[in-house]
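Here the structure comes first, spelled out in structure tokens, and everything after it is commentary.
The values are calculated or read from the model by the stated rules, or taken from the named source; none is laboratory data. Bear in mind the structure is a predicted one, so any value in this text is a computation, not a measurement. Counting neighbours? That spans all protein chains shown, and the Cβs are built from the backbone with ideal geometry, glycine included. Heads up: the accessible areas ignore ligands, DNA and RNA and are worked out on the full protein's heavy atoms, side chains in. Shrake-Rupley method; radii C 1.70, N 1.55, O 1.52, S 1.80 Å.
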Amino acid sequence: DAGVIQSPRHEVTEMGQEVTLRCKPISGHDYLFWYRQTMMRGLELLIYFNNNVPIDDSGMPEDRFSAKMPNASFSTLKIQPSEPRDSAVYFCASSLGGQGSEKLFFGSGTQLSVL
Amino acid sequence: QKEVEQNSGPLSVPEGAIASLNCTYSDRGSQSFFWYRQYSGKSPELIMFIYSNGDKEDGRFTAQLNKASQYVSLLIRDSQPSDSATYLCAVNEWGGSQGNLIFGKGTKLSVKP
């Protein structure tokens, strides 16, 4: 398996623009997570899905952020409109779930810069 | 608010020494504990996990858990320059949001040749 695949690797955009980040989890994994990492706040959970259903989105900063998982092999995280404070590395991760198998496998991340 | 605390470092050790990384957590209901390693510019990768009190060894790595003290640690024996990275402690409360890991901000380890 190729692992968790994220795109794009880097995104530079201007304030107010829409940004869409994409993720393909490992085949067979039931859980998909979106994390954001900054120096100040570390790695923060934004939202996670179980079997394509959003379970906990309490980490989503505000209404500008939305996430979807239309099928088991694809998820998107959208920011509209983007702001400079959204600049961070966004990681997607997947796992099998269940105690003993809830280990996360991370994608390579998307480095987002909002100017 | 569930919290996972780590000393940010940097922790500097000479090559061949034992590196000791520590982590405390606030939620007594936590059941699963993980150590991730993150090289600069890369994504986190799992290196150890532990569920029961005591020690768990895997090669040069030993994870130690003390639930009474809400404390988990990672020992790296015979440290190598390739171990230089940021080490993230993560905690999962089972029975709540399954698979929801809370991460510490990480400890940066530097192993000097």
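If the limit is 25 Å between Cα atoms, which of A:LYS24/B:LYS67; B:LYS42/B:LYS67; A:LYS103/B:LYS56; A:LYS68/A:LYS103; A:LYS68/B:LYS105 go over it?
On the way: A:LYS24/B:LYS67 36 Å; B:LYS42/B:LYS67 31 Å; A:LYS103/B:LYS56 16 Å; A:LYS68/A:LYS103 22 Å; A:LYS68/B:LYS105 27 Å.
Beyond 25 Å: A:LYS24/B:LYS67; B:LYS42/B:LYS67; A:LYS68/B:LYS105.
What is the ratio of the Cα radius of gyration of chain B to 2.2 N^0.38 Å, with N the residue count, to two decimals? Could you put the intermediate results ahead of the total?
On the way: Rg = 13.5 Å, N = 113, 2.2 N^0.38 = 13.3 Å.
Its radius of gyration relative to the 2.2 N^0.38 Å reference: 1.02.
Which whole-angstrom value gives the distance between the alpha carbon centres of segment B:5-66 and segment A:19-70?
Cα centroid of segment B:5-66 versus Cα centroid of segment A:19-70: 24 Å apart.
State the answer as a single residue: which of A:ASN52, A:THR20, A:GLY109 lies farthest towards the positive end of the charge dipole of chain A, with beta carbon charges of +1 for Lys and Arg and -1 for Asp and Glu, about the Cα centre.
A:GLY109
Suppose every K and R has +1 on its Cβ and every D and E has -1 on its Cβ; what is the size of the dipole of segment A:1-43 about the Cα centre, in Debye to the nearest 20? Don't skip to the end; give the middle numbers.
Numbers: 5 positive and 5 negative charges, 25 e Å.
The calculated dipole for segment A:1-43 is roughly 120 debye.
Can you work out the PRE-style zone for B:ASP55? Point 7 Å along Cα to Cβ, and I want the residues of segment B:77-91 with backbone N under 12 Å.
B:77
Describe numerically, in nm with one decimal, the distance between label points set 7 Å from Cα along Cα→Cβ at A:GLU44 and at B:GLN31.
2.8
Could you work out the mean count of beta carbons from other protein chains within 10 Å of each residue's beta carbon in A:33-46?
Working: counts 3, 0, 4, 0, 7, 1, 2, 1, 1, 9, 11, 2, 6, 0.
Mean shielding count: 3.
Please compute how much accessible surface disappears when A pairs with B, both sides summed, using a 1.4 Å probe, and round it to the nearest 100 Å². Don't skip to the end; give the middle numbers.
Numbers: alone 6400 and 6180 Å², together 10880 Å².
Heavy-atom accessible area buried at this interface is about 1700 Å².
Would you mind calculating the relative contact order of segment A:33-115 from Cα pairs under 8 angstrom and at least 6 residues apart, reporting the percent as a whole number? Walk me through the numbers before you get to the answer.
On the way: 142 pairs, mean separation 20.8, N = 83.
Dividing the mean separation by the residue count of segment A:33-115 yields 25 percent.
Compare A:ILE55, A:ILE26, A:ILE47 in a GNM of chain A, Cα atoms joined below 10 Å, and give the one with the largest fluctuation.
Taking springs between Cα atoms under 10 Å, the residue moving most is A:ILE55.
So if I restrict to the alpha-carbon atoms in chain A, what is the Rg, and what is Dmax, the biggest pairwise distance, in Å?
Every Cα atom of chain A included, Rg and Dmax give 13.4, 43 Å.
Assign one of three labels to the protein assembly as shown, namely rounded, prolate or oblate, based on the Cα gyration tensor with a ≥ b ≥ c the square roots of its eigenvalues; rounded applies when a/c is under 1.5, prolate when it is not and a/b is larger than b/c, and oblate otherwise.
Details: a/c = 1.88, a/b = 1.45, b/c = 1.30.
Taking the square roots of the gyration eigenvalues as a ≥ b ≥ c, the protein assembly as shown is prolate.
With +1 on each Lys and Arg Cβ and -1 on each Asp and Glu Cβ, how big is the dipole of chain B about its Cα centre, in debye rounded to the nearest 20?
On the way: 11 positive and 11 negative charges, 32 e Å.
So the magnitude is around 160 debye.
So what is the accessible area of segment A:37-114 per residue, in Å², with the probe set to 1.4 Å? Present the calculation step by step, with values, prior to reporting the outcome.
Numbers: 3500 Å² over 78 residues.
I get 45 Å² per residue for this part.
Find how much the distance from B:TYR39 to B:GLU15 grows on full extension, using 0.36 nm per residue of separation minus their present alpha carbon separation; answer in nm with one decimal. Mind dumping the intermediate values first?
On the way: separation 24, 0.36 × 24 = 8.64 nm, distance 1.76 nm.
Answer, rounded to one decimal: 6.9 nm.
Let me check against my output: what whole-number percent is the relative contact order of segment B:1-93, with C-alpha pairs under 8 Å and at least 6 apart? Write down the numbers at each step before the final one.
Details: 186 pairs, mean separation 34.7, N = 93.
Relative contact order comes out at 37 percent.
So, with +1 on the Cβ of K and R and -1 on the Cβ of D and E, and no other charges, what is the size of the charge dipole of the protein assembly as shown about its Cα centre, to the nearest 20 debye?
Numbers: 21 positive and 24 negative charges, 58 e Å.
Approximately 280 debye in magnitude.
Round to a whole number: what % of the accessible area of segment B:13-113 belongs to carbon and sulfur, probe 1.4 Å?
Numbers: 2070 of 4370 Å².
Of all accessible area on segment B:13-113, carbon and sulfur atoms account for 47 percent.
By how many nm would the segment from A:SER87 to A:SER58 lengthen if fully extended, with 0.36 nm per residue of separation less the alpha-carbon distance?
Values: separation 29, 0.36 × 29 = 10.44 nm, distance 1.95 nm.
Extra length available between A:SER87 and A:SER58 comes to 8.5 nm.
Using a Cα-Cα cut-off of under 13 Å, which aspartates and glutamates could be cross-linked to A:LYS78, ignoring same-chain neighbours fewer than 8 residues away?
A:GLU11, A:GLU18, A:GLU62, A:ASP63, A:ASP86
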